[in-house]
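Chemist: Below: one structure in structure tokens.
Values in this text are rule-based calculations from the coordinates and carry no lab data. What you see is a predicted model, and the numbers here were worked out from it, not measured in a lab. With ideal geometry, Cβ positions are generated from the backbone for all residues, glycine too; neighbour counts draw on all protein chains shown.
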Amino acid sequence: MKILGISAHYHDSAAALVVDGLPVCAVQEERLSRHKNDAGFPISAVEWCLEHAGIAPADLDAVVFYERSMLKFERILTCALRTFPRSWRSFPNAMKSSLGEKVWVRGIIASYLGVPKKKILFTGHHEAHAAAAFLTAPTRKAAILTADGVGEWASLTAGHGDRRTDGTTDITLLREIRYPHSLGMLYSTFTAYLGFAVNEDEYKVMGLAAYGRPTMVDRVRKLIRRTPDGAFALDMEYFDYYTTAARSYSAKFVELFGRPRQQYEPIDFDTPDGRRFADCAASVQRVLEDTLVDLTRALHEETRLSDLCLGGGVALNGVANARILAESGFARVFVPSAPGDAGCALGAALYADRLYFGNPDRDVPYHPFWGPTVDAQELARAAREDGQTVEELDETSLMERTADALAAGRIVGWMDGASEFGPRALGHRSILAAPHSREMRDRLNRDIKFREEFRPFAPVTPIESADQYFELPPGGAGLGRFMSGVFPVRPEWRDRLAGITHVDGSARLQTLERGMAPRLHALLEMYGRRTGIPVLLNTSFNVAGEPIVNRAVEGYLTFRRCGIDAVVAGPFFVTKNASRKATTLQEGMA
Amino acid sequence: MRLSLGARVDRMLRPVHRWIWSDADRRVRKLLAFAEVEGDGGRDIIRAAEVTPDPLLRRLYLAHAIDELHHSDLFRDRGAALLQAHHARTGGAPASNVLPGGHGLDDLCVEDEPDEKLLAFLHIAEKSAAGRFAIYREVVDDDPPTKAIFEEILRDEVFHMNYAYKQLTRVSPKKYRRYVWWARASRLWKRYLRLAAVVAGLFGRILLTLQYFILLPPFAWFAKRAERREGLGWIPVRRDRRQSPTSQY
């Protein structure tokens, strides 16, 4: 059975193809369109998936959309009615956006793909999140918690999943918390207040939190109170997102927390405002963690299961995930590589396969590499045409050459095999560097990523070595598989791992099994033999404001225009030819 | 440099431009908006470099894109500096949406365009931008750092305009004039579409706002009453929800 899953129209649109119960491919539209957070209908992603699998749209048994669009429209309309007349400004835009495209998704899919409408199915938004989290995890029975900004009505759900021995599958969402009460919206409101982009920069708040102290927890708790049944409710007096899309927080919020930061205002921790912003981030981070720990602890007591699957955009918060693992009572916590809306494309397809069509359960390969494969020849061709230095090496020599370059303080763009599905670079589209000094971190932030100084970088290490350098709780290495947890760097190693040690002594670790990315694993071992520490700094292969590179030529052009010293794909090791002057536009006029 | 019709109109509107740039808040907004537009333009041209089969064009597009991204940084840094100074003087009053998004007036559709069309489009767009930046340079006399930025960018835009034309004559020696005219017409058509969309949007907004105040009040009363009856906290999930895979509800 061939099932195509689609997520679109909010942010991070994507497509995923499941054939006979197993994922064949999955890719975010932004990787192909090259527009970050592309929310449009993922036609390029769909076309690539079908082409990759060698099937035509007519061969599809079903196309599954990741949410019920009319139910979502009902929520938007109901909220406009509930907030009448304050919602008068946002109402026309909301209606134009919904009625202009979003509610006609069945017709849009039918017209793009030419499939009969009866083949187009829908899942609930959080059911797709739950399926993406549970059906891709190596567990047979688990509690499930999904949390994001909002889906149709739900912003958070709790339930459980069961992959039975008779081959049937069950995912049951027991209860939900509904919009406007939302942990995701709470965090996003602070993201906006701190001058960052909503739905994009939430991880900056997490990074900033380490610089502050949670001195405003009491104030944040005025915004979110616990209900007697163990859930939570937001005090909507502090929020404006319920009535307008233009602003998330209200005047009362500003009264409570002070002047908001503007987008281009530098964060200087030596100033009172800079410290206040950091304290704000630390406080909302603490409240988010406490709330999630309480919710998951209650879910553990209720289900008595040992495994927890987390889904939804909130599951990208690695600090909270680590606390859940340590404090909720669950022995193992699984977060998929794409817990956000993009992952819903895969979740929706798997949900339809197992629960709508009742197909037998199958183990899904536990890796994130479902995207397009890099063409190394394309890199070599472009580099040679431009007169750059291209070395073609056998595997051992390539590893030695790369490890030598890294040990010498060079920064390497690394492309290998199929691209990752999800927001993290997990070893197939990565920028790698030595993790030992703060200077390297600052150089990466300044010359390559063009981003704020306070942003940390993540380490990658073979799973066998992880415990030596990082304080991992039981289950921590598993959470680190897709870089989903933040753990302390062992104090004795912090000075020698200064490039990846955040200000609070933590790091968002990726623990790498040889089978998941054998070439990177080999490189880590080679680097370890040279330096004594098999740890590398691993950051996504892109610059600020752009999606992670997909094709070799995209990696090559990124390498050409920033401070990356070398780029690797297949057997090729490419460096900049120092003797060749950069092409100038004057040459174009010759 | 021969001025286009748009540039001549812009010249006549110089007092309007002077008025726009005279206000500190508007100046900041313009600069930050330019930063966005130049940044988006730079990324579009990088995309052109990624998809072109012509190695020379790939290198030239890359150099062009680096310029555009540099312009974006110049505008952003200056806008941010003025914003800081403005904030220090006025004590705040931040606007919640200082930065308009989007790709400006000159949207590129790189994926679908052959190099000839793209080069013609770049030539026309850069020529227009050069004309406009020349005016902006004149109307910010009171602000030497901003004026210096416009001067630097203006020099680059002239280069961009000329290299694009030269390369167009290289890749399409027989039809390059036709491509330039086509680019002009296409630009006008896009402007018309944009204007039409704005007008249609305005009408739509007026009609929807009228409907909001005329039709919605009774429903709003019921919705508010229903909301008051709703409890807070956990809501059990209906067991029948998964039984309708074809339903959008």
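Chemist: Sorted by packing (mean other beta-carbon atoms within 10 Å per residue), highest first, where do A:363-372, B:188-197, A:54-63, B:125-134 land? Let's see the in-between values first.
Modeler: Values: A:363-372: 19.8, B:188-197: 11.1, A:54-63: 16.3, B:125-134: 22.2.
Descending packing order for the listed peptides: B:125-134, A:363-372, A:54-63, B:188-197.
Chemist: Next question. Need one word for region A:352-499: rounded, prolate or oblate. Basis is the Cα gyration tensor (sqrt eigenvalues a ≥ b ≥ c); a/c below 1.5 gives rounded, then a/b vs b/c decides.
Modeler: In terms of gyration-tensor shape, oblate.
Chemist: I've got another one for you. Which Cα, out of A:324, A:408, A:427, lies furthest along the positive dipole direction of chain A (beta carbon charges, K/R +1, D/E -1)?
Modeler: A:324
Chemist: List the lysines whose Cα lies under 16 Å from the Cα of residue A:204, skipping any in the same chain that are fewer than 8 positions away.
Modeler: A:449
Chemist: To the nearest 20 Debye, how big is the dipole of region A:136-203 about its Cα centre, given +1 on the beta carbon of each Lys and Arg and -1 on that of each Asp and Glu?
Modeler: Around 360 debye, computed over region A:136-203.
Chemist: Provide the FRET efficiency to the nearest 0.05 for the residue B:178-residue A:589 pair, computing r from the beta carbons and using R0 = 30 Å.
Modeler: So the FRET efficiency works out to roughly 0.90.
Chemist: Still on this structure, I have one more. On a straight-distance basis, which lysines could pair with residue A:96 in a cross-link, Cα separation under 22 angstrom, same-chain partners fewer than 8 positions away excluded?
Modeler: Output for residue A:96: A:72, B:190.
Chemist: Continuing with this model, one more query. Give me the net charge for the shell around residue A:103: Cβ to Cβ below 15 angstrom, other residues only, Lys and Arg +1, Asp and Glu -1.
Modeler: +3
Chemist: When you take every Cα atom in region A:170-305, what is the radius of gyration, and what is Dmax, the widest Cα pair distance, in Å?
Modeler: Rg and Dmax of region A:170-305, Cα atoms, are 15.7, 54 Å.
Chemist: Using a basic spin-label model with each label point 7 Å from the Cα along Cα→Cβ, how many nm lie between residue A:438 and residue B:189?
Modeler: The answer from the label model is 5.8 nm.
Chemist: In deg cm²/dmol and to the nearest 500, what is the mean residue ellipticity at 222 nm of chain A if only DSSP H runs of at least 4 residues count, each as -39500 (n - 2.57), divided by the residue total?
Modeler: -10500 deg cm²/dmol, from helical runs alone.
Chemist: Still on this structure, please answer the following. Using a basic spin-label model with each label point 7 Å from the Cα along Cα→Cβ, how many nm lie between residue A:237 and residue A:252?
Modeler: Computed distance between label sites residue A:237 and residue A:252 equals 0.4 nm.
Chemist: What is chain A by shape, rounded, prolate or oblate, if you read a ≥ b ≥ c off the alpha carbon gyration tensor as root eigenvalues and call it rounded for a/c under 1.5, prolate for a/b larger than b/c, and oblate otherwise?
Modeler: In terms of gyration-tensor shape, rounded.
Chemist: With an 8 Å Cα cut-off and a minimum separation of 6 or more residues, compute the relative contact order for region A:183-332 in percent. Before the final figure, lay out each step's value.
Modeler: On the way: 198 pairs, mean separation 44.1, N = 150.
Relative contact order for region A:183-332 comes out at 29 percent.
Chemist: Summing -39500 (n - 2.57) over the DSSP H runs of n ≥ 4 in chain B and dividing by its residue number, what mean residue ellipticity at 222 nm do you reach, to the nearest 500 deg cm²/dmol?
Modeler: Rounded to the nearest 500, the figure is -27000 deg cm²/dmol.
Chemist: Can you give the Rg and Dmax of region B:5-184 based on its C-alpha atoms, in angstrom?
Modeler: 17.4, 60
Chemist: Cα to Cα, under 15 Å, and not fewer than 8 places away if on the same chain: which aspartates and glutamates meet these conditions relative to residue A:117?
Modeler: The qualifying aspartates and glutamates are A:59, A:61.
Chemist: Among rounded, prolate and oblate, which fits region A:73-206 when a ≥ b ≥ c are the square roots of the eigenvalues of its C-alpha gyration tensor, a/c under 1.5 means rounded, and a/b larger than b/c means prolate? Can you show the working numbers first?
Modeler: Details: a/c = 2.01, a/b = 1.25, b/c = 1.60.
Taking the square roots of the gyration eigenvalues as a ≥ b ≥ c, region A:73-206 is oblate.
Chemist: With unit charges on the beta carbons (Lys and Arg positive, Asp and Glu negative) and the dipole taken about the Cα centre of the protein assembly as shown, which residue among A:258, B:133, B:153 sits farthest to the positive side?
Modeler: Checking the options against the dipole of the protein assembly as shown, the answer is B:133.
Chemist: In debye to the nearest 20, how big a dipole does the protein assembly as shown give about its Cα centre with +1 on each Lys and Arg Cβ and -1 on each Asp and Glu Cβ?
Modeler: Numbers: 112 positive and 105 negative charges, 492 e Å.
For this selection, approximately 2360 debye.
Chemist: Can you give me the angle between helix B:115-139 and the longest principal axis of chain B, using Cα atoms only, in degrees from 0 to 90, rounded to the nearest 10?
Modeler: Helix B:115-139 sits roughly 90 degrees off the main axis of chain B.
Chemist: Specify the angular offset, from 0 to 90 degrees and rounded to the nearest 10, of the alpha carbon long axis of helix B:144-171 from the longest principal axis of the alpha carbons in chain B.
Modeler: Relative to chain B, helix B:144-171 is tipped by roughly 70 degrees.
Chemist: Also, I was wondering about something else. Tally Lys and Arg at +1 and Asp and Glu at -1 over the other residues with C-beta under 12 Å from the C-beta of residue B:248: what net charge comes out?
Modeler: +2
Chemist: Helix B:24-51 against the longest principal axis of chain B: what's the angle in degrees, Cα atoms only, rounded to the nearest 10?
Modeler: 80
Chemist: Under a Cβ-only charge scheme (Lys and Arg +1, Asp and Glu -1), can you give me the dipole magnitude of region B:5-184 about the Cα centre, in debye to the nearest 20?
Modeler: That gives a dipole near 680 debye.
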